[in-house]
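Every read-out reported here was derived from the displayed coordinates using simple, explicitly stated rules and does not represent laboratory data. Remember, it's a predicted structure, so these values are computed and weren't measured experimentally. Heads up, the Cβs are rebuilt from the backbone with ideal geometry, glycines too, and the neighbour counts pull from every protein chain shown.
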Amino acid sequence: MERVQKVFDKYPDAKRDALIPILQDVQEEVGFLSKDAVKEIGNYLKLPTSKIYGVATFYNQFRFEALGNYHIQICRGTACHVKGSAQLLEEFQRELNIMPGETTRDGVFSLEVVACIGACGLAPAITINGKVHAKVQPDEVKDLINKYRQEVKENA
Amino acid sequence: MFKIEVNNREIKAKSGETILQACKRADIYIPTLCHIEGMEPSGACRMCVVEIEGRGGLVPACAWPVEEGMKVKTHSARALRARKTNIELLLADHPDDCLYCVRNGDCELQTLAEKLGVRQRRYFGEKNEYDLDTSSPAISRDPSKCILCGKCVRVCEEVQTVDAIEFVNRGFKATVGTAYDEGLNLSSCVYCGQCVRVCPTGALREKSHIKEVMEAIHDPEKIVVAQHAPSISVTIGEEFGLRKGKDVVGIMNGALRRIGFDKVFTTSFSADLTIMEEAAELVERVKTGGKLPLITSCSPGWIKFMEQFYPDFIENVSSCKSPQQMMGAVIKTYFAEKEGIDPDKIYSVSIMPCTAKKFEAERPEHAKQGRPDIDAVLTTRELARVIKLNGLDLHDMPVEGHDTPFGERSSAGKIFGTSGGVMEAAVRTAYHMITGEELDAPELKSIRGMEGVKEAKIKVNEELEIGVAVASGLKNARKILDQIKEGRDDIHFIEVMTCPGGCINGGGQPLGMDEETIKARMKALYKIDKTDKVRRSHQNKSIRKIYEEFLEKPLSQKSHELLHTTYKERKEVLI
């Protein structure tokens, strides 16, 4: 948990009002909010884990599972919505059998819903590990996923 | 004091109080769902909205301060309409299974829907469905039935400082849950059941042992024995509409035999036994310079609390098992031997004011050789259900005594049911053990009552003055423990009860925890003590007998085997 400690070093004498920035930084460092990390944050800020979990689940930005090899962000901004991002999200959920915020059991994919990513001209847009994919249609989802699965297999 | 007008009637009001408080004193009913007497208002449920003349909107009576000359209508057309709509909206996301719910007939949501005349469904929409959490040995959660009033969360945080549950997620998906949605068994929950006491619906309940107990009773091979805790006889009457604090011990014994229990014992006997062991432990620690302060171990919620939040105090806590477990141990040994019964045929049921007792009974420390001391625990509420299940009532029941050899008690063993009682009982006997004489005034008034932390000093002889402290409610336990941690050293003995006021306010007791009820229960126990002939545990003849015939003396080898236990730090829980 060195990485969590590194975050604490940035917040000497922190009180409970530093909770959200600390959560954000820990997520940035670790990729998600693990049980152990939250326990440590609780010790540091003198807050029970249930309270921290309560705060963290209130916000969409926090996740409680490790990211997959491929982290898929689906834009649900206005333009993408108009261009059918709801159906696109549904298709990803069905294909991967996970909900936003979750990671597939094999650890390959994780899913996240984000507000506008600023690529409205490319709607509906998604990013996979930060790389933008433009005008993705629901019927392309299966191929896209298979392509990345294949890549993982080849690299293994 | 000034006057306000409520429903065209003048009532008195005090500056700084709320409309709800003023109305309650004047016997004007305003419904609430999220309000807890004695705690800060949360204003979450909007059931208590009232109309104030000259104000635009409705205001919540629970959080609105009175002002001189204000004119309030508690049941105006607008207020009634708003309340009814609120209930209808809550029902729109509530399972329609009242007939199958443990709180059927005793549910605040159901009662208000009835009172407000909800007769048709006006709102249709998605319903939340959640899995049951039956992971804990003591408390079951059904979040689908939760109306998010937040009372359980507040009691867990503000009264008990345990923080096992919290609001998680947001909006329609908001629910009351544990950290990482783990089962309650992996949370910091100490199973005190105070959340169950305040829950307006069936979202929180005790884990029922009724089925197991009735199966044992109907099994001809089994010898089913019951023990009932000191507080039960002064609380169970409430479930049958009897006066608050009425002592129905004889009637309850009659009912237990008619249900089919083969033997009925009183846990006050083993409370006396606990006192013999615990007082001896105190005297030994004082005389030999052992670890002090000694802390009581009767309250299983407190034990789990200590194991997870204050493991440094493990050596301070008395190694004595609780009265429930001591009784369980002697039933399957001393009693079984005496009666020539195979202990494996005995089914031992304890009737407790407590949900945490279910957890205590399942602790592996209490099942030496794989045979549990206690097989099932019924709370006061569950016993009432069992009585009703068997077509019985407490109104028309012959008065009966207890069975030997665990039927005799001193009144010291009876006052175990209230905060301060264990201490008072222990002091009476410890004084005798040190001096060989009896305490002139056995009543320790300064450690009686509803105060969260109470203290007393007892002059034993010229050299020795014993300092004692009594805490009830875990927030108050923290106060005294933190003082000890900071170096306070004038306290020799601490009694900790998990629930505020002690077992009379336990998590298994009849619902409703207003102070008036708790005080009536407390008064009833002290009244028994005042009029009793045997007021000291060491004077209980059956106690003398069990030492003569079986245990030899307090803290003997045999006592240690049967009546003492160990504790361990709990690292597995998410605190």
What list of ³J(HN,Hα) couplings, whole Hz, do you get for region B:84-100 from phi and the Karplus terms 6.51, -1.76, 1.60, once you set θ to phi - 60° and write x for glycine and proline? 5, 4, 4, 5, 5, 5, 5, 5, 4, 10, 9, x, 8, 10, 3, 5, 9
Neighbour-count ranking for B:K414, B:K530 (other C-beta within 10 angstrom, fewest to most) reads B:K530, B:K414
Sorting A:L45, B:L273 on the 10 Å Cβ count, fewest up front, what's the list? A:L45, B:L273
Rounded to the nearest 500, what is the 222 nm mean residue ellipticity of the protein assembly as shown from helices alone, with -39500 (n - 2.57) per DSSP H run of 4+ residues and division by all residues? -10000 deg cm²/dmol
Among B:C101, B:Q308, B:H492, flag the residue with its Cα farthest along the positive direction of the charge dipole of chain B, charges on Cβ as +1 for Lys/Arg and -1 for Asp/Glu. B:C101
Helix B:474-485 axis, angle to chain B major axis (alpha carbon atoms, nearest 10°): 50
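Taking N as the number of residues in region B:432-575, what value does Rg over Cα atoms divided by 2.2 N^0.38 Å take?
Compared with the compact-globule rule of thumb, region B:432-575 sits at 1.25.
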If we sort B:427-439, B:346-358 on the protection proxy, mean other Cβ atoms within 10 Å, highest first, what's the order? B:346-358, B:427-439
At q = 0.13, 0.15, 0.16, 0.17 Å⁻¹, what base-10 log of I(q)/I(0) does the Debye formula yield for region B:222-303 when every alpha carbon is treated as an equal point scatterer in vacuo? -0.60, -0.72, -0.77, -0.82
For region B:211-563, go through all pairs of different Cα atoms, get the mean of 1/r, take its inverse, and jot down that Kirkwood value in Å. 20.1
Gap in Å between the Cα centre of region B:1-36 and the Cα centre of region B:363-402? 41
More than 22 angstrom separation, counting every C-alpha pair in region A:1-154; what % is that? 47
Each residue of region B:437-443 in order: what ³J(HN,Hα) in whole Hz does its phi give by Karplus 6.51 cos²θ - 1.76 cosθ + 1.60, θ = phi - 60°, with x for Gly and Pro? 10, 9, 4, 4, 10, x, 8
Of all DSSP beta bridges in region A:68-156, what percent run antiparallel (nearest 5)? 55
Suppose a student asked you for the relative contact order of chain A, using Cα pairs under 8 Å spaced at least 6 residues apart; what percent would you report? 19
Going by Cα centres, region A:7-82 and region B:116-168 are how many Å apart? 25
Given 5 Å bins starting at zero, what is the percent of C-alpha pairs of region B:153-281 in each, up to the one with the largest pair distance? 2, 8, 11, 14, 14, 15, 14, 11, 6, 3, 1, 0
Counting other C-beta atoms within 10 Å, and keeping those with at most 11, which DSSP coil chymotrypsin sites (Phe, Trp or Tyr not before Pro) do you find in region A:1-91? A:Y59
Given charges of +1 on the Cβ of Lys and Arg and -1 on the Cβ of Asp and Glu, with all other atoms neutral, how large is the dipole of region B:139-207 about its Cα centre, in debye to the nearest 20? 300
Across the alpha-carbon set of region B:1-127, Rg over Rh with Rh taken as the Kirkwood radius works out to 1.01
Relative packing of peptides B:45-55, B:359-369, B:259-269, A:127-137 - highest average C-beta neighbours within 10 Å first: B:259-269, B:45-55, B:359-369, A:127-137
Quick one: dipole size for the protein assembly as shown, taken about the Cα centre, charges +1 on Lys/Arg Cβ and -1 on Asp/Glu Cβ, in debye to the nearest 20. 1860
For chain B, find the longest principal axis of its Cα atoms and tell me its angle to the long axis of helix B:249-259, 0 to 90°, nearest 10. 90
Hey, got the dipole for chain A? About the Cα centre, +1 on K and R Cβ, -1 on D and E Cβ, debye to the nearest 20? 260
Per residue convex hull volume, Cα atoms of region B:76-129, in Å³: 85
Output the peptides B:537-546, B:213-222, B:445-454 sorted from most to least packed, where packing is the average of other Cβ atoms within 10 Å over each peptide's residues. B:537-546, B:445-454, B:213-222
Dipole of the protein assembly as shown, positive end: most advanced residue of A:F32, B:P137, B:A63 [Cβ charges, Cα centre]: B:A63
All alpha-carbon distances of region A:70-155, grouped into 5 Å bins from 0, give the whole-percent distribution 3, 16, 28, 28, 16, 7, 2, 0
Using only the alpha carbons of the protein assembly as shown, determine the length spanned along each of the three principal axes and report them from longest to shortest in whole angstroms. 93, 74, 57
A student asked for the Cα radius of gyration and Dmax of region B:263-416 in angstrom ought to give 17.0, 56
Ranking B:F550, B:F493 by Cβ neighbours within 10 Å, fewest first, what do you get? B:F550, B:F493
